[in-house]
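Data block below; observations after.
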Amino acid sequence: MIRWKSVLLGAITFLAAHLIESAAWTTWFHGEYAPWFLNSGRAVAFTAGLLLIIGLAAGINTFAWRDSMITAGNVLAGAVAAMIIVLFAVGPGTLFPIAIVIGVAVLGVSIAAGVFAGSALRSGLSRSSRA
């Protein structure tokens, strides 16, 4: 089930991270190559952290475990679509399939961790309020 708000949230978050990284590439991220989140360890951590926070916020707004999985998939789909567009805009290079796979793994782990942590947090809060 496609939830366009979640897809858009993932895409906007990735694009925002990329724009911030591009603006501060030499000062914050000490990148040697073109601005791309996999070209700097700090940029990977920044993008993953930003998506973890967005996933956490999205997970708090879900009401069932199934909804959490759907939300995580939709946020990931939007972030991956934006990642691929940015990759080809920057210049994919010859190893772009590997960059896509590694990027999907980084984005997927951070988004899933955030969504599921948010869902668990919401669950724990709702249980404590019932007691």
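The values are calculated or read from the model by the stated rules, or taken from the named source; none is laboratory data. Worth saying up front: this structure is predicted, and the values here are computed from it rather than measured. Note that each Cβ is placed from the backbone with ideal geometry, even for glycine, and that neighbours are counted across all protein chains shown. Please note that ligands, DNA and RNA were not included when accessible areas were found on the heavy atoms of the full protein model with its side chains. Shrake-Rupley method; radii C 1.70, N 1.55, O 1.52, S 1.80 Å.
Points worth noting:
- For the range 51-63, taking the residues that are open to solvent by less than 40 Å² (accessible area, probe 1.4 Å) and small (Gly, Ala, Ser), the one that is nearest to ARG122 (Cα to Cα) is identified as GLY59.
- Verdict on PHE116 being part of a helix (DSSP H, G or I) and loosely packed, with under 13 Cβ neighbours inside 10 Å: no
- Among residues of the range 75-92 that are farther than 17 Å from ALA105 by Cβ, those with a Cβ under 6 angstrom from a residue that is surrounded by fewer than 14 Cβ atoms within 10 Å (Cβ to Cβ) and at pLDDT below 95, sequence gap 6+ or separate chain, pair up as VAL90/ALA34.
- Leading residue by the ranking (nearest to ILE70 (Cα to Cα)) among those in the range 1-26 that are open to solvent by 50 Å² or more (accessible area, probe 1.4 Å) and among the charged types (D, E, K, R): ARG3
- All positions within the range 64-92 that are open to solvent by 50 Å² or more (accessible area, probe 1.4 Å) and farther than 23 Å from ALA16 by Cβ: TRP65, ARG66, MET69
- When the range 27-50 is filtered for residues that are in contact (Cβ under 8 Å) with a residue 40 or more places away in the chain and either open to solvent by less than 30 Å² (accessible area, probe 1.4 Å) or among the small types (Gly, Ala, Ser) (or both), the ones remaining, listed by number, are ALA34, TRP36, PHE37, THR47, ALA48, GLY49.
- Considering the range 1-106, the qualifying helices (runs of 4 or more DSSP H), each wholly inside and each with 1 or more residues that are modelled with pLDDT under 90 and either within 13 Å of the chain's Cα centre (by Cα) or under 27 Å from ALA117 (Cβ atoms) (or both), run over 41-60, 65-90.
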